[in-house]
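None of the figures in this text is laboratory data; all of them are computed from the coordinates on show. Model, not experiment: these values are computed from the prediction. In this analysis, Cβ positions are derived from the backbone assuming ideal geometry, glycine residues included, and neighbour counts consider all displayed protein chains.
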Amino acid sequence: MQDYKHILLAADFSGHGEEVAARAQDLAAKFQARLSIIHVVDYLPLANVDYDTIVPFDVDVTQELMAAAKKKLVKLAEKLAVPDDRQWLEMGSPKLEIVRVAQEQGADLIVVGSHGRHGLALLLGSTANGVLHHATCDVLAVRLRDD
Ligand code: AMP
């Protein structure tokens, strides 16, 4: 197996997140690789059917979401000893932002959690699926138990 040099952890701050973070940290230590973290605040436009337009989230709400996410990101980064310049807080589609930052920062492994969904959820696609399909580097999907 090749030595990974730069691992990007995709953190969603869910209950299972610690498991995924621990795996990324463990791999970074094993390969003596740099570890970066990304969290993406989902951009949820409000469709306004009456006006035939897409109304973006209220600016204040957006800023509040970003500020709350930043706190969680900093806390996780402290725990994993990841410095400021390797913490990424983005807004948009999680899968696309994760892949974009991985490419721009030259990550050679992305670590995500995977719920192993089936049926409709699989057709719609999870973040892990999306990352797997779009990434140009390796992707490790840490299997999470839905209990
Ligand atoms: P999901 O399939 O969307 O429930 O998420 C599976 C995995 O994708 C999570 O365990 C995270 O590793 C990653 N992920 C999901 N949402 C985000 C997000 N907003 N920012 C960063 N990573 C995410």
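Observations
- Neighbourhood net charge (13 Å Cβ-Cβ; Lys/Arg +1, Asp/Glu -1) for GLU97: -2
- Taking other Cβ atoms within 10 Å as a rough exposure proxy, HIS133, HIS16, HIS39 sort from fewest to most as HIS133, HIS16, HIS39.
- Cross-link partners of LYS70 among lysines (Cα-Cα below 20 Å; sequence separation of 8 or more within a chain): LYS79, LYS95
- Cα gyration tensor, the stretch 55-112 - rounded (a/c under 1.5), prolate or oblate: oblate
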